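Remarks on the structure that follows.
Taken together, the values in this text are just the output of simple stated rules run on the coordinates, not laboratory data. If you're wondering where the values come from, they're calculated on a predicted model, not measured in any experiment. Neighbour counts are summed over all protein chains in view; Cβ atoms, including those assigned to glycine, are modelled from backbone coordinates with ideal geometry.
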Amino acid sequence: MNQLMDMNIQEKQQKMTAAFWCLLAAAFIDFLIIVLGPFMDFYLDEWLLIPSCLYLFAVYRQEKTKTAQKVLLLGGIMCTWYVITQLLHHCMGLQTRPLGMVLSVYLLALPFAAVLRDDRRGLKLYMGVFLAAMVVVLILAGLATIDWVPRFIRHKVYFWWSGLIVMIHPSQLACFLLVGIGFALVVLSFTKKLIKKITLFVMAGLLSITLVMTKCQTAMWIMYLLYSAYCFFAISRGGLIRFLAGVVAAVMVFGCSYSASQAIFQWYTEESWARPQQFSYVNLWDDSAIATGMYDQLHDDSEKDMTNVGWIFPVRSAKAEDVAEAVQVQRFSLRNTLDKLLPSLNGRKGIWLEIYDVMKKDPQTILFGTDYTNSYILEHTGKDFAHSHNSWIEALIALGLPGLFIVALMTAIAFWHIFIILFGKQYELWQKSVALLEICLLAVGAMEPHLFLGGHYLAERNSLHPSDFTFFLCLGYMIQWRATDKASRKKRQQEVTQEIVPAKE
């Protein structure tokens, strides 16, 4: 009997080994991207093709549930359209994007949990590797704080006036740190050992301090909300008293985290200005796109004001003014509406409206996309934007309307599963923490190009893959959790029905 059980366990492990090794390989590549950053950009474009193809080969003949088939179909449709657009771009003489990163996101990360019917084993594996990378980042950040960075990487790890540099740009580093905080909360929620809980709590605190030192305001506000929401769901587990206690705790945590971060922010600002600035590739491709957008917006506004001054002197009749007002009321302008409704968002609105003006006159790009945002905008406007500062706009530029439709569908699926898991009583705190992390990544994706394209937003840059891979891996697990819950409920209903029917007979 024991031998039979051991054989069954060995057979199960043999079936799972190949797929999990593929996930481990992808996680290790993400580890290299986080830790080594620009040193690995040239080599990692197509490395992820290997684990992705091996994974598909390993699970090709495996029996799949309906959920797994649907998720694989959705990822396959996205990859098919991606390949079609790249072929079209090649025929048009445009730059083409690498295939490996996109395949790893949609054909490995997204369907992983559903294909293997895994509850959290693969997620724990990836979280472990990611948190190991965060430990290296914390060590480098600590060395930068005490000014003990080794000479050979001193130009990649230092205090910069726009935010802490640890291999990559501060806004990108902030997203990785945010994911690290989310993973620390997930592991903290299901671990039983006190030592591990204390270690993870301290690690989350150090990651939070480092995130504040990046001076990324978007990530900082998301971090406050993440801690507040985590405390709320940890305390509020049914009942009015626990609900009110959760709300009070959330408000207190938000206020405390905000106050502490402002003190750290002020210290870093003074310290970074006091230190000599190092030269880095970040100075060449920083968020100057935002600054440029703000300058262009102010410049355009000043031109408009000067034009209006020139038209003050001619006095129009009342009838002409009424006609002009009627025409203005009749004509609806989406651009003007967006310009009025959207806040500046540190100059991002100017970039989005600039892209809208360019794409409105380019139906070919709207249908089939183009190569890279910076090349596209530079060619049409002469303005140098590194990227669009929005993952959905970036997907539209790269893949056209069909790609944007697929991305919007995946976004809707993500929001639906986030809502179900956060407010479903059958889901545990660690699962709710994964859902909260998904919200954080969606919020970051609204301001930066972290999602949907495998992290490749520039021809010479591919350093955002970890955040995109994390988003779709967690989404796949949420889909699997809901499918498992639905299957268990259906099974219980069938059992109840079978018990009632004989009783009636």
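The convex hull drawn around the Cα atoms of the range 18-65, when projected onto a plane and averaged over every direction, covers 3.7 nm².
Determine, from the Cβ-Cβ distance of T484 and E270 and an R0 of 41 Å, the FRET efficiency 1/(1 + (r/R0)^6), rounded to the nearest 0.05.
Efficiency, rounded to the nearest 0.05: 0.20.
In the range 44-186, a dipole from Cβ-located charges (positive for Lys and Arg, negative for Asp and Glu) runs towards its positive end, and of L164, L138, G93 it is L138 whose Cα lies farthest in that direction. Among the chymotrypsin sites (Phe, Trp or Tyr not before Pro) found in the range 120-160, those both in a DSSP coil and sparsely packed, with 12 or fewer other Cβ atoms within 10 Å of their Cβ, are W148.
If you count, for each residue, the other Cβ atoms within 10 Å and average over each peptide, how do 99-111, 53-65 line up from highest to lowest?
99-111, 53-65
In the range 419-484, the inverse of the mean reciprocal separation of distinct Cα atoms equals 12.7 Å; this is its Kirkwood hydrodynamic radius.
Each residue of the range 115-132 was assigned a 3J(HN,Hα) from its phi angle through the Karplus curve 6.51 cos²θ - 1.76 cosθ + 1.60 (θ = phi - 60°); the sequence is 5, 8, 6, 9, 8, 6, 4, x, 5, 5, 4, 5, 4, x, 5, 5, 5, 4 Hz, with glycine and proline shown as x.
The per residue volume of the convex hull around the alpha-carbon atoms of the range 348-505 is 133 Å³. With θ taken as phi - 60° and the Karplus curve 6.51 cos²θ - 1.76 cosθ + 1.60 applied, the whole-hertz 3J(HN,Hα) list for the range 251-261 is 5, 5, 5, 4, x, 5, 5, 5, 5, 5, 5 Hz, x standing for glycine and proline.
Taking a ≥ b ≥ c as the square roots of the eigenvalues of the Cα gyration tensor of the range 27-162, is the shape rounded (a/c under 1.5), prolate (a/b larger than b/c) or oblate? Because a/c hits 1.5 or more and a/b fails to exceed b/c, the range 27-162 counts as oblate.
Among the trypsin sites (Lys or Arg not before Pro) within the range 178-270, those in coil by DSSP and having at most 15 neighbouring Cβ atoms inside 10 Å are K192, K193, R237.
Using 13 Å as the cut-off for backbone N distance, which residues of the range 398-415 belong to the label zone defined by a point 7 Å from the Cα of T337 along Cα→Cβ? Correct set: none at all.
Across the range 102-245, the convex hull enclosing all Cα atoms gives 160 Å³ per residue.
So what's the gap between the Cα centers of the range 241-278 and the range 122-172, to the nearest angstrom? With the range 241-278 and the range 122-172 each reduced to a Cα centre, they are spaced 20 Å.
Using the Kirkwood radius over C-alpha pairs as Rh, can you work out the diffusion coefficient of the range 182-268 via Stokes-Einstein at 37 °C, viscosity 0.692 mPa s, in µm² per second? The Stokes-Einstein estimate is 238 µm²/s. Note on C256 and L194: the extension gain reaches 19.9 nm, defined as 0.36 nm multiplied by sequence separation minus the Cα-Cα distance. Between L32 and L73, what FRET efficiency comes out of the Förster formula 1/(1 + (r/R0)^6) with R0 = 41 Å and r the beta carbon distance, rounded to 0.05? According to the calculation, E is roughly 0.85.
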